[in-house]
Every structure is written in C-alpha cells, then in structure tokens.
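J.: This is the structure I have questions about; it appears just below.
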Amino acid sequence: MPYLLTPGPLTTSRGVKLAMLADWGSWDQELREVTADIRRRLLKIAGADHHECVLLQGAGSYGIEAALGSFTPAARHKTLLVINGAYGDRAVKMMTRLNRPFSVIDKGDSAKPLAAEVEKAIAADATITTVFVVHCETTSGLVNPIEEIAAVVKAKNKVFILDAMSSFGALAIDMAKLSVDVLISSANKCIEGVPGFCYVIAGRELLKASEGKSHSLALDLFDQWAYMEKTGQFRYTPPTHALVAFHQALKEHEMAGGAPGRLQRYEKNRLVLLKGMRELGFATLLPESEMGPIIQTFLTPADPAFEFQRFYDALKERGFVIYPGKITKRSSFRIGTIGQVDENVMRALLVAIREALKEMGVKNTAPAEAKE
Ligand SMILES: Cc1ncc(COP(=O)(O)O)c(C=O)c1O
C-alpha cells in the first residue's frame, strides 16, 4: 500500500491496523473501558482541567458543526469567525445554514490574522460573545497565532472555539492555560488513528448550559455527553474498529513522547521535504517562517509538461499518495508531513518526484507568476 502524504486519512502504524482485526459489540464492557480511557487521555493531551471530552461519530466537520450548533449564540449575540482558508469558509457555511449571527475577519488564504485585529473587532461590536479560530489552516499549512488570539479573547471574557483538527496531538495546546473553551479534532489526524469519529473537548459549564440548544439531534453534544456519562456508550452505533485503533494510536502517541515527540518527527519531515523540493526548483506558497509542520503547499510548475493528475499517478505507482491544492488564487498541490512517516520516507518520495518529473518531461519547476 502507498504512503498517504495527505492531511488524513493518513498512514497508520502496524499496531493501529492490527487493532482492527477483532469485532466488538457496542454494549461490551471492554469497549466501554476503551471509550473511557480514550476520553481521559484526550483531556490529558489537551491540558484540560474544567473540561469534558465528547466523542462523536463522523468526520471532523461533524464535530465542527456540532460545536457551532451547541456553543454559538442563536440570537441577539454574535460569533466572530476568524478565517484564512477553506476550513474557515466551511465554518461560515455552517453558521449560515444554522442561521446563527456572525461576523467575519477574512485574511484570504495565505495570511495570518493578528491578535490586534481580533481585539479591534471585539471592541467594535459588543454583541460578539464567541470567537472561532482554525489552528492549522490545512488549506495552506499555515499555523495561526492562537496563543496571542487566546490572550485577547480571554481578556475580553469571550468564549473561544478552536478548530484544532489538523494540529491536535502535534502542536502544543494547553486548554487551561490558554482558556480555550472548546476544541475540536478527529481520529485520523495527528494522533494517527483511522477515520470514523471526531471529538469535542468543551468546558463543563458551557457544555451543561448547552442543553437543548443544538439544532440537531444526532449532533447534540450535550445529549451525547450525558448519555456517555450515564452508560459509558455512544448514543447510536459506535465506530467500534476506529475506537480500538485510536486507543492503540493513543498509547503509541504517549510512547513516542506525546505531542512534543510527534512535532519533532513532523518538523524533521518538513525540513527534509522542503530542502529536497527547493533543490528540485519547486516554490512554496508560504515563506519558510510561516510554514507549519503539518502540510506543505507547493506552487504548480508553469512548464506545460507538468500535469497534476499525471504527477499524482506517477507518484502513486511509486508508493506515495499526495494531495491536490485547495487555495483559490494560485494553482498548487500539497504534501502532508504527518502520519506514520519519517525523514526516510521523505527522502524516498524526493527520489520518486525526480523520476516522475523526468518521465513527464518537466524541465522547469518554477511556478507561473501570481495573478492579482
Ligand atoms: C482544520 C480543519 N478543519 C476541519 C476539517 C474537516 O475535517 P473532515 O474532512 O474530517 O470533515 C479539516 C480536514 O482536514 C481540517 O484540516
């Protein structure tokens, strides 16, 4: 099977794959213990103190929509959405569907929001009670300055909702210290499990106060939490195999040094990949100082011999799956640096890229000039 160099689903360890070889009943006591231990471990990684962990079936977007539906004001007050990419745009779409009041700071798809901008927006509108930010905008790979933004949000006593989908488990997040009220991530990102569920870590009082507020039955986080507390089970069919795989992934995460250990490996992946890609002449969307360790965006070569689908196929044939671009203004492709991959995989990928370019007859990897 190829290495998945994508932002999830990603390459998992043999131990994680093996954990899925047994079948589990949803009522089983052992599965309930696994579920409880997952929740405990996630709270610990998040540096949570007065928070609760709610596991929810479905992709990460289900968790975001559940959190927005449970924790944003429905009337009179407003949520400030601080966005700079496709996942921020998706939150805007969700709020529109939910018919919840919001305002937006939109930085396009390759600039960081500044804490001062958030502070100004909050100061200018007293109806803003809640702030939503994406930690690593996986569209570009940019890591937003959540520490600075959190300080401003905390000083103004607002509710802080953080989409930490692609960063949680690798980038340090201390919910208690930063006063993050709600954090959302999913099983198939930096903890390196398989897809199947997401999780929302939310302040206990906020969660209790959300009773009856969700627009949806299946995405009601209070109901899901209350049922899980009472029975130790999911309300509806649990993602059994994804749960036991994730439990194994959490143990491996701990053994590998937790988030700092993971960050070190991903950072090394990024450095090796970038150096090699630069040597091959590729340009990156972001300057080096702005790049995160999760995913890297490369600009598509202007050379007419370069065609993304052919490039993708040639790399897949050699055992590597990469990802198309998602930014809107320039043509690009992305290579994930997360998952069970190390610098040796990055080096092997660079050899494959060199071969693929030769096979396609690409002579110049420089990108086309940016259009305004
Ligand atoms: C930052 C961020 N938010 C939200 C999502 C949505 O998650 P999913 O694709 O699992 O619905 C992703 C997916 O990669 C993401 O990176």
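J.: Of Ser140, Leu43, Ser179, which is farthest along the charge dipole of the chain in the positive direction, counting Lys and Arg as +1 and Asp and Glu as -1 at C-beta?
T.: Projecting each Cα onto the dipole axis, the largest value belongs to Ser140.
J.: Give the aspartates and glutamates whose C-alpha is closer than 14 Å to that of Lys44, dropping any in the same chain fewer than 8 places away, or say none.
T.: The qualifying aspartates and glutamates are Glu52, Asp174, Glu254.
J.: For Phe320, what residues show an amide H to amide H distance below 5 Å, using hydrogens built from the backbone and excluding near sequence neighbours?
T.: Tyr3
J.: Relative to the longest principal axis of the chain, what angle (0 to 90°, nearest 10) does the C-alpha long axis of helix 60-71 take?
T.: Approximately 30 degrees, to the nearest ten.
J.: Enter the angle in degrees (range 0 to 90, nearest 10) between the Cα long axis of helix 115-124 and the first principal axis of the Cα atoms of the chain, meaning the one along which they spread out most.
T.: With both axes taken from Cα atoms, the answer is about 40 degrees.
J.: Explain nothing, just compute: Karplus ³J(HN,Hα) = 6.51 cos²θ - 1.76 cosθ + 1.60, θ = phi - 60°, for every residue of region 206-218 in order, whole Hz, x for Gly and Pro.
T.: Coupling constants for region 206-218: 4, 5, 4, 5, 8, 3, x, 8, 5, 6, 10, 7, 5 Hz.
J.: Residue by residue through region 290-303, what is 3J(HN,Hα) from phi via Karplus (6.51 cos²θ - 1.76 cosθ + 1.60, θ = phi - 60°)? Round to whole Hz and write x for glycine and proline.
T.: Couplings: 9, 7, x, x, 8, 8, 10, 9, 10, 7, 5, x, 6, 3 Hz.
J.: Among the lysines in region 258-360, how many pairs, 8 or more places apart or on different chains, have alpha carbons under 22 Å apart?
T.: 4
J.: For the charge dipole of region 258-360, defined by +1 on Lys and Arg C-beta atoms and -1 on Asp and Glu C-beta atoms about the Cα centroid, which residue among Ile294, Met346, Gly258 has the Cα displaced farthest towards the positive pole?
T.: Gly258
J.: Would you mind computing, in nm to one decimal, how far apart the modelled labels at Gln309 and Ala283 are, each placed 7 Å from Cα along Cα→Cβ?
T.: 2.6 nm
J.: Okay, moving on. Measuring from label point to label point, each 7 Å out along Cα→Cβ, what is the Ala22 to Ser216 span in nm?
T.: Once both label points are built, they end up 3.2 nm from each other.
J.: Report ³J(HN,Hα) in whole Hz for each residue of region 38-50, in order, from the Karplus equation J = 6.51 cos²θ - 1.76 cosθ + 1.60 where θ = phi - 60°; Gly and Pro get x.
T.: Along region 38-50, the couplings run 4, 4, 4, 5, 5, 4, 5, 4, 7, x, 7, 10, 9 Hz.
J.: Can you list the lysines whose alpha carbon sits under 19 Å from that of Lys78, skipping same-chain ones fewer than 8 residues off?
T.: Answer for Lys78, where 19 Å is the Cα cut-off: Lys93, Lys120, Lys154, Lys156, Lys158, Lys213, listed by chain and number.
J.: Within the chain, what's the longest run with no chymotrypsin sites (Phe, Trp or Tyr not before Pro) in a DSSP loop and at most 12 other beta-carbon atoms within 10 Å? Give the range, please.
T.: Numbers: sites that count: Trp27, Tyr236.
Here the longest segment lacking exposed loop sites spans 28-235.
J.: Once both axes come from the Cα atoms, what is the angle between helix 240-255 and the longest principal axis of the chain, in degrees from 0 to 90, rounded to 10?
T.: That helix lies at roughly 70 degrees to the long axis.
Bear in mind that the values in this text are calculations on the coordinates, not laboratory data. Source: prediction; values computed, not measured. Please note: Cβ atoms are built from the backbone with ideal geometry, for glycine as well, and neighbour counts cover all protein chains shown.
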